[in-house]
Amino acid sequence: MTDQARLTTREAAERLGVKPETVYAYVSRGQLSSERAPGGRGSTFDAREVDALARRGARREPAGAAPGGELSFRTALTLIDKDHYYFRGVDAVQLATAYGFEEVAGWVWTGELTHGLRFTAPRPFLEAARRAVDALPAHSGAMDRLRVAAVAVSAADPLRFDLDPAAVLGCARTLIPTLVGALPAVGPGGGDEGRLARQLWRRLTSQEADESSIRLLDTALALLIDHDLAASTLAVRVAASARAHPYAVVSAGLGALEGPLHGAASGLAHRTLAEVLERGGAAPVVADHLRSGRRVPGLGHRLYPGEDPRAQALFALLEAIPQAADALAAARDVVETTARHTALHANVDLALAVMSVAFGMPAEAGETVFAVARTAGWIAHALEEYAERPLRMRPSGHYTGPRPPRALPA
C-alpha cells in the first residue's frame, strides 16, 4: 500500500464529515484501523476503509453525539414541549383521557389507532411466569415478580429472537398482560379478561373497583407509556442496539426503573402522604424533609417549568372520586407548604401516591403501574432501535487510572 492510499487524521475527518477527535472514537469502536505516521507524529488511515465507513452511513457525528456531549437519539415517539407532551404529534393527555391504555399503546407503536384493542396472555406463557413468581420468597415485591416473570416468559417463547416488527408487536401484546397476570391477585373480581386496567386493579388493592376508579388507573397507564429518553428507556435502547430480544430489552428497562430516583419515586411520595394524614398536616412532614436536606417527594420535574401535565390529568379525575378527597387534600397541603420555601409543582409521582393512598394500595403500587405502562413505551423504542445500525452506542472511556506499564502484583 502506498503512502498516497493513506489519509491524515484531518483528511479522514473531512471525508467523514466529523471532527478529528471523532475519527479516533471510530478507531476505539473498531470501525476504523490506524497506523502511526512516519516519524511517529499522528496517525494515518486507509482511504478505502474511510470511504467504506462513509458509505455504510457513518453519520456526520457518531450516533448518540450531541452538542455539549449529551446523548441524543432520533425518535418519532414523544415530544416534550414546555408544559405539554405529545405521542406521535398528538397531545398525550388528550389521547390518554379519550382512549384506553391498550389503544394508546397501539398508537405509540404504529401511529394507527385501533378501537377496542385488547391484550391477551397465552396460557403457556402465563403458567410459566406464575410458576417462576410463585417460587420467589414471600417477602418479594412487585418489581421482583415483574422481573422474574419477564425472564420466565422469555424462556417459554422459542421465537423470541425474531426481531421482525410484526413479531415484536405480537410479543408486546402478550408480554404486558402476562406480566400483570403473574402478579398475585389481592382483590375480588372475575377472570383476567377485558381491559388491562381492570386486571391490574385486582393486583393492587382488595377494594372493589367502579368505573371511575378503573378509568383513573387506565388513564394513568396511558399517560405513563413513554416520556422521551428516561434512564430506563436509555437502557432499553442500548440493549436493543445489541439486538437483544424484546423480553431482554424489557428486563433492561425494569432493572433501571427500580432505582429510587426513577420508578420508585412514587413510593416515597406515598409514604410522605401517609405520614401527612397520620400527623394531621404537611408542615411537620415537610419540615423534617427540609431539615435533613432531602427533597420533598412528588414535587418538581426537570422537564416542566410548571405542573407536570400527567399530574394535572390525574388530579382532575381524582377530584371526582369522593374516596380520594383526604389523600388529595394532603397532596395539596404538601404543595402549598413547600411553596413557602421554594416554588415546586406537583409531578406524576404525587398523583400516583394520591391514588395508592386513597385506595389502600401498597407503597410500591405506583411503581408497578409505572413499570407495566412503560413496558409499552420500551417496546416502541426497541422497534425504533432495531431499525438503526446495530451496536451504534459505543462510547469511549476516559481512563483515569495509573499509567502503564506497572509491575505485576505480587
- [ ] Go ahead and set up a Gaussian network model of the chain, Cα springs under 10 Å, then flag whichever of Arg74, Arg15, Arg302 fluctuates most.
- [x] Arg302
TODO: Distance between Cα centroids, segment 248-263 to segment 216-242: provide it in whole Å.
DONE: 10 Å
- [ ] Assign one of three labels to segment 255-342, namely rounded, prolate or oblate, based on the Cα gyration tensor with a ≥ b ≥ c the square roots of its eigenvalues; rounded applies when a/c is under 1.5, prolate when it is not and a/b is larger than b/c, and oblate otherwise.
- [x] rounded
Open item on the list: Looking at the chain as a GNM with Cα springs under 10 Å, which of Glu385, Glu127, Glu102 has the largest mean-square fluctuation?
Closed with: Glu127
Open item on the list: Using only the alpha-carbon atoms, how far is helix 348-358 inclined from the longest principal axis of the chain? Give it as 0 to 90 degrees, nearest 10.
Closed with: 30 degrees
Task: Estimated distance in nm for a label pair at Glu208 and Arg294, the labels positioned 7 Å out from Cα along Cα-to-Cβ - done: 3.7 nm
Open item on the list: Between Tyr99, Tyr24, Tyr386, where does the largest GNM mean-square fluctuation fall for the chain, given springs only between Cα atoms within less than 10 Å?
Closed with: Tyr24
Open item on the list: For a Förster distance of 22 Å, can you work out the FRET efficiency between the beta-carbons of Glu35 and Arg394, rounded to the nearest 0.05?
Closed with: 0.55
Open item on the list: From the phi angles alone, apply the Karplus equation (6.51, -1.76, 1.60; θ = phi - 60°) to segment 323-338 and give each ³J(HN,Hα) in whole Hz, x where the residue is Gly or Pro.
Closed with: 5, 8, 4, 5, 5, 5, 5, 5, 5, 5, 4, 4, 5, 5, 5, 5
TODO: Kindly rank 161-168, 131-138 from highest to lowest mean number of other beta carbons found within 10 Å of each residue.
DONE: 161-168, 131-138
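Every number in this text was worked out from the coordinates using simple rules, so none of it is lab data. Remember, it's a predicted structure, so these values are computed and weren't measured experimentally. Quick reminder, even Gly has a Cβ in these numbers, built from the backbone with ideal geometry, and neighbours come from all protein chains shown.
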